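What follows is a short report on a single structure.
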Amino acid sequence: MTQLSKSAEENVQRWLSDTSIDEETKQELQGLHEQTQELEDRFYKDLEFGTGGLRGIIGAGSNRMNRYTVGKATQGFARYILEQHGQAEGKPSVVIAHDSRHFSPEFALEAALVLAGNGITAKLFPSLRSTPQLSFSVRHLAATGGIVVTASHNPPEYNGYKVYNAEGGQLVPDQAEKVIGYIQEVDSFASVKRLEQSEAEEKGLLVWLGEADDEAFTDTVAATSVNRDLIRKKLGQEFKIVYTPLHGTGNIPVRSVLEKVGFSNVHVVAEQEQPDAEFSTVKSPNPEEREAFTLAMKLGKDIGADILIGTDPDCDRMGAVVLNDAGEYEVLSGNQSGAIMIHYLLSQFKEQGKLPKNGAVIKTIVTSEMGAAIARHYGAEIFNTLTGFKYIGEKMTEFEKTGSHTYLFGYEESYGYLAGSYARDKDAVLASLLICEAGAYYKAQGKTLYDVLRELYEQFGYFREMLESRTLKGKDGLAQIQAKMTDWRANAPEKVAGASVKEVLDYSKGLNGLPQENVLKYMLDDGSWFCLRPSGTEPKIKVYFAVRGSSLADAEERIQKLAAEVMARVDA
């Protein structure tokens, strides 16, 4: 039988000897003593912070999501919060929200009780709330930080834990490194400070949030509408919307905001309306995937819907489906939706005389250049960040403090968007409003969003993007991903798909003032590029491709050729 690694063996023994770990958990672990590979994966390392904090499979073990790893992480975060609060007036506070996943309420309460044990007021939502509402609430309630328990669109066996700073943004690397250091100093679960719920409530260290906090969020999102009067008076009744929350947190806030702005013809996919930790009607609760819209498309065809929208479980990503020239539903990519929203927002600002001279649009290094071309057309400056909305949020805060630029829009190709400065994370509630508002506005001109997209291609160029990913699970998978990155870094190709590689951007060196990150981007002399990046939240290596063709057909042919050649080497 294969032996456990030294680190795994030490971790197992540490758990078995820790008096604060319950006997049921210990018995579960002892029952796995012959399942060496399973124990190795559960214990070969501690669950790490990635681009979104903690994220992992639910279960007992140091490399799993459970009340002990959540408690340990919160103890480290509590020390960071106390350090950040410093000599500020009043008690430090942290807002906590959670999604519809298995153990999300329990993990959120555990985090709250550990914060309370450290003298920090935990402001906890009593039921599921969206990630963007958490980001907003940290700012709105002037809290010292925030926590949201979610694993976004991961499979049902996963859960996660994201932490936020006082600006309402996810921690950036230098902040996260401090928290990680503090977590590593928690030598046993017995050293985690924790109050019982009754004591925390009696001391005012556990405060429950409610309807007033919900209204503040939805009112603020609704206020980002740029054609509210037009929607309310006419367009909102005629424009037919089908919406699916994919069993997550979006159902109430998305419908509330659409109603506030004036959309009254909204139809929700009944089978996917209620929270469901198993996401039982889909293979993956991911609005990036066409399969997630199967039921929405059926309903859309039944009622003749103009648009279908879907949000992921924590409602920070939004996908849209529109009618194409053949009258069939077509899923827009994140890059396409982003381009449409940038065009709609900035053109309306210009028409209304509200376009600032120092406007800024922020995107990531793997996001299409199409949105950037549109933004520049309207006089906005483009800023690129690493992947992860925390970097966009960090840039927004910089603008707010320096006054150098007026933030207009930020987005990622992975279906994350934000307009307005009320939050510091992507907001699918806002994105749902904007894409529907754009759809209604252009419908009044006799156009579908597909028509608008084609016009943008004709004006700015035929951009085409693609994402391929390979899942490599466990300790061996992580080693394979690192080996692939090492190989590509050491042996850069000279030519790919008939084009010469003119530049290799190695972001592990901290290019253009950005933090160091294990990302490689290859720029080709025909204007195409591709990029390799290990995911920070899933056991995947992601490969991004982008081309600009002379027509849609040309762009499609070129990107297929580029992707085929690159992936042949990735898979070798």
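The values are calculated or read from the model by the stated rules, or taken from the named source; none is laboratory data. Here the structure is a predicted model, which means the values were calculated and not measured. Cβ coordinates were reconstructed from backbone atoms using ideal geometry, including for glycine residues, and neighbour counts include every protein chain displayed.
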Practice prompt. Could you figure out which of (1) touching a helix residue (DSSP H, G or I) at 6+ places or on another chain (Cβ under 6 Å); (2) farther than 30 Å from residue 54 by Cβ isn't true of residue 554?
Written response: (1)
Worksheet item: Is it the case that some residue within segment 26-38 is closer than 25 Å to residue 115 by Cα, without any contact (Cβ under 8 Å) to a residue 60 or more places away in the chain and not basic (Lys, Arg)?
Response: no
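For the condition in contact with a Phe, Trp or Tyr (Cβ under 6 Å, 6 or more places away or on another chain), closer than 28 Å to residue 132 by Cβ, assigned by TED's automatic domain parsing to the domain that holds residue 136 and not aromatic (Phe, Trp, Tyr), what is the one hit in 114, 70? Full working, then the answer.
Values: 114 fails: in contact with a Phe, Trp or Tyr (Cβ under 6 Å, 6 or more places away or on another chain).
Going through 114, 70 in turn, just one is in contact with a Phe, Trp or Tyr (Cβ under 6 Å, 6 or more places away or on another chain), closer than 28 Å to residue 132 by Cβ, assigned by TED's automatic domain parsing to the domain that holds residue 136 and not aromatic (Phe, Trp, Tyr): 70.
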Fill in: Which numbered condition residue 408 fails, given (1) among the aliphatic types (A, V, I, L, M); (2) surrounded by 21 or more Cβ atoms within 10 Å (Cβ to Cβ); (3) not in a strand (DSSP E or B)
(3)
Worksheet item: Which of the strands (runs of 3 or more DSSP E) contained wholly in segment 287-369 include at least 2 residues that are aliphatic (A, V, I, L, M) and out of contact with any Cys (no Cβ under 6 Å at 6 or more places or on another chain)?
Response: 307-311, 318-323, 359-364
Practice prompt. Identify the residue in segment 137-177 that is assigned to a loop (DSSP other than H, G, I, E, B) and β-branched (Val, Ile, Thr) and, among all such residues, is farthest from residue 97 (Cα to Cα).
Written response: 172
Discussion item. Quick test for you: out of 418, 434, 472, 449, pick the one residue that is buried (at least 20 other Cβ atoms within 10 Å of the Cβ), touching a residue at least 12 places away in the same chain (Cβ under 8 Å), farther than 25 Å from residue 385 by Cβ and in contact with a Leu (Cβ under 9 Å, 6 or more places away or on another chain).
Written reply: 449
Fill in: Pair list, Cβ < 7 Å and 6+ apart or interchain, from segment 87-98 residues that are over 21 Å from residue 170 (Cα atoms) to residues that are part of a strand (DSSP E or B)
91/121
Practice prompt. Under 7 Å between Cβ atoms, at least 6 apart or on separate chains: pull out the pairs that start in segment 497-519 with a residue that is over 21 Å from residue 175 (Cβ atoms) and assigned by TED's automatic domain parsing to the domain that holds residue 562 and end on any residue that is among the hydrophobic types (A, V, I, L, M, F, W, C) and at pLDDT below 95.
Written response: 505/511
Fill in: Enumeration of residues in segment 334-356 that are in contact with a strand residue (DSSP E or B) (Cβ under 7 Å, 6 or more places away or on another chain) and either among the basic types (Lys, Arg) or more than 17 Å from residue 373 (Cα to Cα) (or both)
356
Item to complete: For segment 87-110, indicate whether the set of residues that are assigned to a helix (DSSP H, G or I) and of a type in the set (S, T, N, Q) is non-empty.
Response: yes
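Hey, among the residues in segment 88-108 that are under 23 Å from the mean Cα position of the chain (by Cα) and surrounded by fewer than 21 Cβ atoms within 10 Å (Cβ to Cβ), which one's nearest to residue 245 (Cα to Cα)?
First, pick out the residues of segment 88-108 that are under 23 Å from the mean Cα position of the chain (by Cα): 94-108.
Next cut, surrounded by fewer than 21 Cβ atoms within 10 Å (Cβ to Cβ) only: 102-103, 105-106.
Numbers: 102: 17, 103: 19, 105: 19, 106: 22 Å.
Checked segment 88-108; the qualifying residue nearest to residue 245 (Cα to Cα) is 102.
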Worksheet entry | Test: residue 503 is at pLDDT below 95 and not in a helix (DSSP H, G or I) | no
Worksheet item: Hey, any hits in segment 212-224 for a residue that's of a type in the set (Phe, Trp, Tyr), assigned by TED's automatic domain parsing to the domain that holds residue 444 and surrounded by 17 or more Cβ atoms within 10 Å (Cβ to Cβ)?
Response: no
